[in-house]
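Since the structure comes first, as structure tokens, the remarks are kept for the end.
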Amino acid sequence: MAEHSNKLIHAFGALAELGQEITNKNNFQETIRTSLHLISGALGIMRGSVARYSRFGHELNMLAVRGLGDDFPLSLSLCSEDERQFLTNGLNPIEIAHAKALPFFQVYDASFERRNLQLFLPLVVRDEIVGALFLGEKATGEAYTSYEKEIICAMGQHIGVAISQRNLMAEIERHAEQNRKMFDDMRSTYHDTVKAFAAAIDCKDKYTEGHSVRVGRFSEIIASELGWGGDEVEGAAVAGYLHDVGKLTVERKIINAPYRINAKESAELNKHPSVGFEILQPIHHPFTDVPLAAKYHHERLDGRGYPDGLFDREIPFIAKIVNLADSFDAMTTDRPYKARRPAKDVIDDLQRNAGKQFAPELVTSFLGGMLKELSGENRDKRFRRLLGREYMEAEGIAEKLRYTLNEMAPTTPMTYVAAAASVGEFQIH
Ligand SMILES: [Fe+2]
Ligand SMILES: [Fe+2]
């Protein structure tokens, strides 16, 4: 009786340990090896193995083997009759000596007999075979008692769940991988489409060749200088690429007019933000609000922009980015009625219009990015590639940038109040 209780305590200890082992997210192989070790130790079993069932290969592949010798087959095939029988049998130990009628035991009879394998436990979890447990004779040489078989079933259930979880994880990982691939494909299709559109827009405007692409790149620079994440930076680039998509519906002669266009033509051209919005609105854009960038890229902080004359906070941030990129490109490229302006002039313009047309924090980020490139702090040549080496390396630009950025350094709320009071905008009591 005492011996029986000792065994019971031992077996339950092993069972608890096994449960813990399985819930710990250890290495799967290690978990299975430990499980076999625990079962053998708890019941005094000389040899055995744990196998995982592959339903594609219809075979049991050994995960852990103990005392069965090197020549024990590492993979055992099941036929459909075996599978059916094991499923019907469920998670109950089968005495190998009494199961000779099944093809599986006939095929591997010699192998099992040579190693004195006595019990076979199909690991059935949620009506599915996930593996099997092979157990040899006990050290005492006695037959397995029904109580021991129950312990084996309980332990087998733990192992079965561990294998089943592992299978599930593998399945999830496989699906995730498939989704990732699909997403990558869609992403590159999306980008190709965006670039094709940008090229189509730029084709229409012979004087500003490559404008959309450059605005895309400048928007990308601003977003990255703001410290945005990869997806958002990509979104800003897309917003830049597509900002003038509405121009596709504007007559070519207006876009290409080699003179300052008249009021009627200008009204026609000024519809392009709203048209662009209409074109882009039905499309789902993954990273940022591209349609809003198209609609509001001609708005100004001081409310003097179009189409809606929005003020500062009413303008979507992405539209402010594209506005700066757009204006910068307009100033730094030759137009039919105006030659490109020198960099120092452009920097002055951005500073002067910060707070009126442009968001000051965007101007400082953008100019900061330019300075980083010129001073060698940032090794890529984004500005040089877009504006030309000669243009960017003209005398004194770096000093100009340093000076401007210094002047534009954010003021504290106190200095803001003092400055505002001194021009009599409001009184301090
Ligand atoms: Fe525009
Ligand atoms: Fe534009």
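The values are calculated or read from the model by the stated rules, or taken from the named source; none is laboratory data. Small disclaimer: the values here were computed from a predicted structure and weren't measured. All Cβ positions, even for glycine, are placed from backbone atoms using ideal geometry, and neighbour counts span all protein chains on display.
From the list ASP244, ASP202, which residue is surrounded by 24 or more Cβ atoms within 10 Å (Cβ to Cβ), within 16 Å of ligand 1 (Cβ to nearest atom) and of a type in the set (Asp, Glu)?
On the way: ASP202 fails: surrounded by 24 or more Cβ atoms within 10 Å (Cβ to Cβ).
Checking each option against the conditions leaves just ASP244.
Taking interchain pairs and intrachain pairs at least six residues apart, which have beta carbon atoms under 6 angstrom, with the first residue in the stretch 188-216 and at positive phi and the second within 13 Å of ligand 1 (Cβ to nearest atom) and in a helix (DSSP H, G or I)?
Final answer for the pair search is GLY210/ASP202.
Scan (1) in contact with a Cys (Cβ under 9 Å, 6 or more places away or on another chain); (2) farther than 22 Å from GLU148 by Cβ; (3) surrounded by 20 or more Cβ atoms within 10 Å (Cβ to Cβ) for the single condition LEU78 breaks and write down its number.
(1)
Can you tell me how many residues in the stretch 149-189 are in contact with a helix residue (DSSP H, G or I) (Cβ under 8 Å, 6 or more places away or on another chain) and hydroxyl-bearing (Ser, Thr, Tyr)?
0
For PRO282, only one of the following conditions fails: (1) within 30 Å of ARG313 (Cβ to Cβ); (2) away from ligand 1 (no atom under 13 Å from the Cβ); (3) assigned by TED's automatic domain parsing to the domain that holds GLN357; (4) part of a helix (DSSP H, G or I). What is its number?
It is condition (4) that PRO282 fails.
Among the residues of the stretch 333-346, is there at least one that is touching a helix residue (DSSP H, G or I) at 6+ places or on another chain (Cβ under 9 Å) and within 14 Å of ligand 2 (Cβ to nearest atom)?
yes
With the structure loaded, tell me whether GLU95 is touching a strand residue (DSSP E or B) at 6+ places or on another chain (Cβ under 8 Å) and at pLDDT 90 or above or whether it fails that test.
yes
When you scan the stretch 320-388 for helices (runs of 4 or more DSSP H) that lie fully inside it, which ones turn up with 1 or more residues that are closer than 28 Å to GLY309 by Cα and in contact (Cβ under 8 Å) with a residue 24 or more places away in the chain?
Values: elements: 343-353, 360-374, 382-387.
Here the list reads 343-353, 360-374.
May I ask you to verify whether PRO307 is assigned by TED's automatic domain parsing to the domain that holds GLU395, surrounded by fewer than 17 Cβ atoms within 10 Å (Cβ to Cβ), away from ligand 1 (no atom under 16 Å from the Cβ) and assigned to a loop (DSSP other than H, G, I, E, B)?
So PRO307 fails the test.
Quick check on GLY235: is it on the phi > 0 side of the Ramachandran plot and either within 11 Å of ligand 2 (Cβ to nearest atom) or at pLDDT 90 or above (or both)? Quick ask: steps written out before the conclusion?
On the way: on the phi > 0 side of the Ramachandran plot: no; either within 11 Å of ligand 2 (Cβ to nearest atom) or at pLDDT 90 or above (or both): yes.
Answer is no for this residue.
Within the stretch 315-354, which residues are aliphatic (A, V, I, L, M) and more than 16 Å from ligand 1 (Cβ to nearest atom)? Let's see the steps before the verdict.
Let us first name the residues in the stretch 315-354 that are aliphatic (A, V, I, L, M), namely 315, 318-319, 321-322, 324-325, 330-331, 339, 343, 346-347, 350, 354.
Within the stretch 315-354, ALA339, ALA343, VAL346, ILE347, LEU350, ALA354 meet the criteria.
Take the stretch 272-290 and flag every residue that is touching a Phe, Trp or Tyr at 6+ places or on another chain (Cβ under 8 Å) and modelled with pLDDT under 95.
First pass over the stretch 272-290, keeping only residues touching a Phe, Trp or Tyr at 6+ places or on another chain (Cβ under 8 Å): 273, 286.
Of everything in the stretch 272-290, just one residue is touching a Phe, Trp or Tyr at 6+ places or on another chain (Cβ under 8 Å) and modelled with pLDDT under 95, namely PRO286.
Applying the selection to the stretch 310-320, what residues are crowded, with 21+ Cβ neighbours inside 10 Å and away from ligand 2 (no atom under 13 Å from the Cβ)? Show your work before the answer.
Of all residues in the stretch 310-320, those crowded, with 21+ Cβ neighbours inside 10 Å come to 315, 318-320.
Correct list: ILE315, ILE318, LYS320.
Scanning for something in the same structural domain as ILE254 (by TED's automatic domain parsing), within 16 Å of ligand 2 (Cβ to nearest atom) and not basic (Lys, Arg), does the stretch 349-356 turn up at least one residue? Outline the logic, then answer.
Here is the first cut: in the stretch 349-356, the residues in the same structural domain as ILE254 (by TED's automatic domain parsing) are 349-356.
Checking which are within 16 Å of ligand 2 (Cβ to nearest atom) leaves us with none.
No, that holds for no residue.
Here is a yes/no grid of residues against (1) exposed (fewer than 15 other Cβ atoms within 10 Å of the Cβ); (2) modelled with pLDDT of 95 or more:
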site	(1), (2)
ARG52	no, yes
ARG55	yes, no
LEU60	no, yes
LEU68	no, no
ALA99	no, no
LEU102	no, no
ARG115	no, no
PHE120	no, yes
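Taking the criterion of being within 13 Å of ligand 1 (Cβ to nearest atom), free of Cβ contacts under 8 Å to residues at least 60 places away in the same chain and assigned by TED's automatic domain parsing to the domain that holds THR333, would at least one residue in the stretch 222-238 satisfy it? Can you show your working first?
From the stretch 222-238, those within 13 Å of ligand 1 (Cβ to nearest atom) are none; that's our starting set.
No, every residue in the stretch 222-238 fails to be within 13 Å of ligand 1 (Cβ to nearest atom), free of Cβ contacts under 8 Å to residues at least 60 places away in the same chain and assigned by TED's automatic domain parsing to the domain that holds THR333.
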